[in-house]
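Here's the structure, in C-alpha cells; my notes come after.
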Amino acid sequence: MSNLFGPSRKEMQDLQSRLNQVEQERNVLRNEMVEIQELMNHLDQEKGLLLMALERLRPGMDHRVLAETLLDLSFRPLNLASFYVAIADYPADRLHWVIYHEGGRARNTPSRMMSVEGGLTAKAILAHQPLYIRTLEDAKAEGAAFSEAERISGLVPQSWYGIPLGWGERPFGLVSFQSFQPDAFSMETRRLMDALANLLAMAMRMPMEAWKG
C-alpha cells in the first residue's frame, strides 16, 4: 500500500505492467490500421485497373491490340514476369499465340500442336477451367512446355496462372499471367485476373455493334 514516501514497490510494478499492456495494445491497433490502409490501397488499385480495362478493352479492336492493351494495363501492377494470349484452333489441333511477352520483351512464338505440345495452355483450355501453378517443380510435373528462350536463358517463371477465354466446353483461347516468384498470386489477385480475362474474352468475341447497342 502507499505510504508517506510514495507508492509501494508492488504498486509501481502493477503500474508498469499496465503501461506495458497499454503499449502492446497500442502497437496492435497501429498495425491493424496499417493493414487496413494497405488493404484499402490495394482495393483502390484493383478498382482502378478494372475501370481502365473496361474503358480500353473495346469490342471490334484487333485481337493483338486487345492483348497488348491488357499487357500494358496489368504487367507492372501485377508484377509479372511473362504474359501471353493464345488462341485454340480445334480443327487444326493448333495453338496460335496472339502475343507472347517474356522476360521483358516480346517473343515471336510459332504455333504448336495442341494435343502434343500444348503443355499447360492446352491442359487449362481442354479442362475449361483456370489452372494455377505455384512452383517450377509443379509446372514440370504438370507437363509444362518451355519456350526456346526459357530453355536457353534459364529465366523460367515459377508461378503460372492460365485462364481460358470464353465459356462452355470449348474456350477459344487462354490468357496466362506469370511471375518469377513462387506462389506469387494470392486468391484475391487470381480473382482480379479472372475478371480481366473475362473482359478480354468479351472484347474479343462481342461484335462492336452489340457493344454500342
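Odds and ends about this structure:
- Listed by first and then second residue, the pairs with beta-carbon distance under 9 Å, at least 6 apart or on different chains, first residue in the range 57-71 and charged (D, E, K, R), second assigned to a helix (DSSP H, G or I), are R58/L66; R58/T69; R58/A203; R58/M208; R58/W211.
- Within the range 181-206, no residue satisfies the criterion of being within 19 Å of A122 (Cβ to Cβ) and exposed (fewer than 15 other Cβ atoms within 10 Å of the Cβ).
- In the condition set (1) surrounded by 14 or more Cβ atoms within 10 Å (Cβ to Cβ); (2) in contact with a Phe, Trp or Tyr (Cβ under 7 Å, 6 or more places away or on another chain); (3) modelled with pLDDT under 95, Y161 is compliant with all but (3).
- Selection of the range 162-186 for residues being hydrophobic (A, V, I, L, M, F, W, C) and more than 9 Å from the chain's Cα centre (by Cα) yields I163, L165, W167, F172, L174, V175, F180.
- Scanning the range 1-31 for residues that are surrounded by 10 or more Cβ atoms within 10 Å (Cβ to Cβ) and in a loop (DSSP other than H, G, I, E, B), we see that the one that is modelled with the highest pLDDT is S8.
- Those residues of the range 128-139 which are part of a helix (DSSP H, G or I) and in contact (Cβ under 8 Å) with a residue 24 or more places away in the chain, in sequence order: L136
- The set of residues in the range 94-150 being touching a helix residue (DSSP H, G or I) at 6+ places or on another chain (Cβ under 6 Å) and hydrophobic (A, V, I, L, M, F, W, C) consists of L95, V98, I99, M114, A122, L131, I133, A144, A145.
- Counted residues, the range 119-137 - those being farther than 14 Å from F172 by Cα and either surrounded by 17 or more Cβ atoms within 10 Å (Cβ to Cβ) or β-branched (V, I, T) (or both): 7
- Among residues of the range 93-116, those that are among the acidic types (D, E) and either modelled with pLDDT of 90 or more or out of contact with any strand residue (DSSP E or B) (no Cβ under 9 Å at 6 or more places or on another chain) (or both), counted: 1
- Matching residues in the range 65-118 - criterion: being in a strand (DSSP E or B), surrounded by fewer than 17 Cβ atoms within 10 Å (Cβ to Cβ) and aliphatic (A, V, I, L, M): A106, M113
- The conditions of being modelled with pLDDT under 75 and either among the charged types (D, E, K, R) or part of a loop (DSSP other than H, G, I, E, B) (or both) are not met by E55.
- Across the range 164-180, the number of residues qualifying as surrounded by fewer than 17 Cβ atoms within 10 Å (Cβ to Cβ) and modelled with pLDDT of 95 or more comes to 0.
The values are calculated or read from the model by the stated rules, or taken from the named source; none is laboratory data. Remember, it's a predicted structure, so these values are computed and weren't measured experimentally. Quick reminder, even Gly has a Cβ in these numbers, built from the backbone with ideal geometry, and neighbours come from all protein chains shown.
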